[in-house]
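Structure first, then comments.
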Amino acid sequence: FVTDCHAHNLWQSELLFLSAQRVGQRGPVTQILSGCSPEAQKLVEERHGTLGLPKHFKQSFVAEFNTKDSHVINKVYGFAKWFRDVGPERDVVSIIDPDFIFVRPLTTVLDGAKDAFGWDGVQRPEKVVKGVIAAQRWPMAWMTHSQAPWASSITDHPDGMTQGEVLTWVCSGSKTGDSGCDGATQEEVSFYHSTGVPYLAHRADWDEKLLDNWVNITERLHQVYHGYYVDMWSWTMTSLHLRMRQLAVTDLMLRDPHVRQRSYGELEKWAEIDETAADPCKDPMNEVLADPKIPNFIHYCQPNAAFNKYWFDSMGDHGPHVLQRCDATAEDPHLRQLVAGQVNKSDSRWVFLNCVERRMFAAALMKTCAGRPAAKAVEGIAA
């Protein structure tokens with residue numbers, strides 16, 4: 001996962017590492033930090049060494065790629081720089097975001113393959129191997145069987161190019177280039193390329209196909225599309241261009257309890273959460289997260305009244321972050337919001353998200369500030 005050196009990203013990274021440690025993630029977990037000053041890098045490395053993390057939980061530092069005109073390309077460029085200069089230790093590499101919490105270990109096994117849309121009558125991969133790309137289904141495009149041409153979100157048309165020519169140029173580098181983007185249907189995009197993190201692929205596919213195309217497509221797309229989701233659309237276009245269908249599964253991540261698309265059903269797997277008898281607010285976390293079939297991650301990107309990542313350091317670039325401010329008391333405005341947060345008890349799925357997010361954050365604070373006022377302020381949440 002890729003971050004910058006701002007406090008808002010640093011505490012999220014620590015929470016991610018600590019949650020990975022808690023669930024016993026056996027594979028390497030690497031934070032790629034982009035644009036840290038030498039002084040900041042030294043402090044971040046020292047801090048990482050104090051957390052008691054496994055040796056395979058690492059940090060790697062790369063240059064700054066974001067600019068004032070683009071704050072969303074660090075993920076693509078930072079990952080590519082790390083891949084080429086350092087490289088993965090395992091055969092399968094996954095990209096996630098810093099605002100992820102592990103709730104069970106991530107492996108190469110694709111438990112959710114049987115539920116992937118659009119693969120009826122086709123042999124479904126059981127694990128990630130060379131030639132298999134898997135990712136979390138995400139509503140980048142509305143699911144449909146329509147054979148009409150896919151209309152991309154590109155807004156600019158340089159040199160008088162048509163919408164179709166611009167899309168082909170973004171994908172291939174030439175408005176007449178050979179590309180799976182040329183003539184792609186709404187069905188093709190919505191069933192096989194409408195995904196978000198986690199992205200999982202074999203290192204050979206990253207090396208030989210995905211990586212350079214993702215970087216190049218991101219660079220071209222950024223010239224004609226100025227939305228927030230540049231890296232996600234460029235990922236969609238990369239697999240589409242290469243004619244490599246993704247296995248879009250629903251069981252890698254939980255984010256929204258009720259995200260669904262028409263008759264195709266829910267885009268996240270909530271069945272095991274619906275069936276659990278454990279109280280996510282009170283019972284031991286080992287019992288709450290006991291089912292081996294629940295999704296691997298919670299993605300806490302959506303603010304809510306119980307836990308909101310923007311409560312903590314979202315406006316502060318420098319100084320100790322919330323998991324370092326151990327002398328903060330329950331009267332600290334940020335911790336006060338957390339302690340007073342209201343769980344949405346009218347919906348059992350929101351109860352699960354609200355309470356697990358709050359408790360995992362509080363547990364991280366209790367570990368990093370053990371015995372200090374900040375830890376004592378949240379001990380009632382972490383219990």
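The values are calculated or read from the model by the stated rules, or taken from the named source; none is laboratory data. Predicted model only: the values in this text are computed from it and were never measured. Virtual Cβ from ideal backbone geometry, glycine too; neighbours counted across all protein chains shown. In case anyone asks, the SASA skips ligands and DNA or RNA and just uses the protein heavy atoms, side chains included. Shrake-Rupley method; radii C 1.70, N 1.55, O 1.52, S 1.80 Å.
Couple of notes before you dig in:
- Highest-MSF residue in the chain out of R220, R90, R359 [GNM, Cα springs under 10 Å]: R90
- Unpartnered cysteines - no second Cys beta carbon under 4.7 Å - across the chain: C301
- Carbon and sulfur %, accessible surface of the chain computed with the full protein complex present, 1.4 Å: 50 percent
- In terms of its Cα atoms, the chain spans 64, 50, 35 Å along the principal axes, sorted from long to short.
- Within the chain, percent of DSSP bridges classed antiparallel, to nearest 5: 50 percent
- If you model region 206-353 as an ellipsoid using its alpha carbon gyration tensor, with each semi-axis the square root of five times an eigenvalue, the axes come out at 34, 25, 14 Å, biggest first.
- For L247, distant residues with modelled amide H under 5 Å away: I133, A134, A135
- For region 15-69 and region 316-383, distance of Cα centres in Å: 21 Å
- Residues in the chain average 44 Å² of solvent-accessible surface per residue, probe 1.4 Å, ligands and nucleic acids excluded.
- Straight Cα distances below 17 angstrom link K293 to the aspartates and glutamates D111, D115, E126, D251, E266, E268, E272, D274, E275, with same-chain residues fewer than 8 positions distant left out.
- Top of P98, P333, P257 by mean-square fluctuation, Gaussian network on the chain, Cα under 10 Å: P333
- Amide H to amide H, with H built 1.01 Å from N, T30 comes under 5 Å of K58, counting only residues 5 or more places away or on other chains.
- Stretchable slack from E89 to H145, in nm (0.36 nm times residue separation minus alpha-carbon distance): 16.2 nm
- Applying the Karplus relation 6.51 cos²θ - 1.76 cosθ + 1.60 with θ = phi - 60° to region 219-234 yields 3J(HN,Hα) values of 4, 6, 4, 4, 7, 10, 9, 10, x, 6, 9, 4, 5, 6, 5, 5 Hz, where x marks Gly and Pro.
- Over 23 Å between alpha carbons, listed pairs K81/K130; K58/K114; K282/K376; K127/K309; K55/K282; K282/K367: K58/K114; K127/K309; K55/K282
- Note that region 126-229, at 37 °C in a medium of 0.692 mPa s, gets a Stokes-Einstein diffusion coefficient of 222 µm²/s from its Kirkwood radius over C-alpha pairs.
- Long-range amide H partners of Y199 with built H, under 5 Å: I95
- Shape of region 66-172 from the C-alpha gyration tensor: oblate (a/c of 1.5 or more and a/b not above b/c, with a ≥ b ≥ c the square roots of its eigenvalues).
- Region 105-163: Rg to Rh, with Rh as the Kirkwood radius over Cα pairs: 1.11
- Overall Cα dimensions of region 162-287, principal axis frame, Å, largest first: 58, 33, 25
- Shape box of region 1-121 [Cα atoms, principal axes, largest first, Å]: 55, 37, 26
- In the chain, helices alone account for a calculated mean residue ellipticity at 222 nm of -10500 deg cm²/dmol, with every DSSP H run of four or more residues adding -39,500 (n - 2.57).
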